[in-house]
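> Structure incoming, see below.
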Amino acid sequence: MTEEADAFRELLPLLSVRPELQQLCRFGAQWASEHGPEPGGWAPFHIVTAGACMLEVRELPGIVLRAGDVAFLPHGGPHTLRSVPTATGRDVSMRVQRRLHDELLVKSNVVGEPDAKLICGRLLFQHAHHNLVLAALPEVVVFGGRQGSDADRVTGIVSMMQSELEEDRLGAAPIAAALASSLMIFVLRTHLAREHATKGILSLLTRRQTSRALAGMLAKPAHPWTLDELARRANTSRATLVRQFKTVVEMAPVAFLAELRLTLARSRIRATRIPLAVIAGEVGYQSETAFSRAYQRQFGIAPGSDRKHERL
């Protein structure tokens, strides 16, 4: 397994999501569907299963989405889906209907065959607050379902989701939601390989030297890493490694490690019932008291209170 793959595997707990399917959209002619901002931790997604539409996100240029494309908005910002400029026909009233076997809504403004079909929902990031990976993602990520090494796999997943939902059978929504969670990994993996982001933790994974250092930190967060050790692991000089980290995450490797340890600890505190003292040791703190002080400084809440708050 490569260093980059090791690092990505270690990041997966921070990408744990709970999917929620909301609407099946069947639109034609001239139409627009506005989406307001989502509450903290929720990230909307739209899967085009047939036809085409436009996605407008704030001041960004409009993005054309075609059948097989997946649009994901990591930070839950407001956005609008609308017909492509070349769409024709008379705008009619939007109808909303509930399905027989689940809580999904079917929205449509056509009687016959629509110009665009979409599956719309959202993902709740279980560890959204102070999540270094989530913070590194752009406002919108689009997975093109017709290109790339994962195109066939994504097409298969989307086809399965569509088939389940179109038939409106018992259990269709939970099955499709589980498939939507898998799509998330494809979206992020493709984004990482394609975009080579210039900032944030994802960018560390796209650079050979910093990815080696990051993989070491993630594999052994409790290890007392020194700058010399990290530089040797990255096969580069101390000065070069410091320069690369400061360019990408605006802090030196050891300072980044301190923040990463606390972020990993928070994900475990919120997701498990492991004793705080054990988690503190797992991320390199010899004393639970020292860990609690650092945690409070970083997140503004004590670790025990954070766990209680998460379970409310």
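The values are calculated or read from the model by the stated rules, or taken from the named source; none is laboratory data. These numbers come from a predicted model, not from an experiment. Positions of Cβ are backbone-derived with ideal geometry, glycine not excepted, and every protein chain shown enters the neighbour counts.
> For segment 148-157, check the following and say yes or no: at least one residue is under 21 Å from E103 (Cα atoms), of a type outside the set (S, T, Y), at pLDDT 75 or above and in a helix (DSSP H, G or I). Reasoning before the result, please.
Within segment 148-157, the subset under 21 Å from E103 (Cα atoms) is none.
No, segment 148-157 contains no residue that is under 21 Å from E103 (Cα atoms), of a type outside the set (S, T, Y), at pLDDT 75 or above and in a helix (DSSP H, G or I).
> I would also like to ask the following. Please verify whether segment 193-213 includes one or more residues that are in contact with a strand residue (DSSP E or B) (Cβ under 8 Å, 6 or more places away or on another chain) and either of a type outside the set (A, V, I, L, M) or more than 30 Å from L24 (Cα to Cα) (or both).
no
> Yes or no: segment 9-17 includes at least one residue that is more than 30 Å from E113 (Cβ to Cβ), at pLDDT below 80 and touching a Leu at 6+ places or on another chain (Cβ under 6 Å).
Taking every residue of segment 9-17 in turn, at least one turns out to be more than 30 Å from E113 (Cβ to Cβ), at pLDDT below 80 and touching a Leu at 6+ places or on another chain (Cβ under 6 Å).
> Here is a check on your reading of the model: is R243 surrounded by fewer than 16 Cβ atoms within 10 Å (Cβ to Cβ) and part of a helix (DSSP H, G or I)?
In short, yes.
> I'd like the residue in segment 49-66 that is among the hydrophobic types (A, V, I, L, M, F, W, C) and assigned to a loop (DSSP other than H, G, I, E, B) and, out of all such residues, is farthest from C25 (Cα to Cα). Steps first, please.
Going through segment 49-66, the residues among the hydrophobic types (A, V, I, L, M, F, W, C) turn out to be 50, 52-55, 57, 60, 63-65.
From the residues that got through so far, the ones that are assigned to a loop (DSSP other than H, G, I, E, B) too are 57, 60.
Values: V57: 19, L60: 23 Å.
Here the residue is L60.
So that you can scan it fast, the table gives a plain yes or no per residue for (1) among the polar types (S, T, N, Q); (2) at pLDDT 95 or above; (3) closer than 24 Å to A135 by Cβ; (4) assigned by TED's automatic domain parsing to the domain that holds L188:
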| site | (1), (2), (3), (4) |
| --- | --- |
| P39 | no, no, yes, yes |
| W42 | no, no, yes, yes |
| M54 | no, yes, no, yes |
| R58 | no, no, yes, yes |
| G62 | no, no, no, yes |
| G76 | no, no, yes, yes |
| T86 | yes, no, no, yes |
| D91 | no, no, no, yes |
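> If F45 satisfies all but one of (1) over 20 Å from E167 (Cβ atoms); (2) in contact (Cβ under 8 Å) with a residue 40 or more places away in the chain; (3) more than 15 Å from the chain's Cα centre (by Cα), what's the number of the condition it fails?
The one condition F45 does not meet is (3).
> Go through (1) within 26 Å of the chain's Cα centre (by Cα); (2) within 27 Å of E282 (Cα to Cα); (3) surrounded by 18 or more Cβ atoms within 10 Å (Cβ to Cβ) and name the single condition T190 misses.
Of (1) within 26 Å of the chain's Cα centre (by Cα); (2) within 27 Å of E282 (Cα to Cα); (3) surrounded by 18 or more Cβ atoms within 10 Å (Cβ to Cβ), only one is false for T190: (2).
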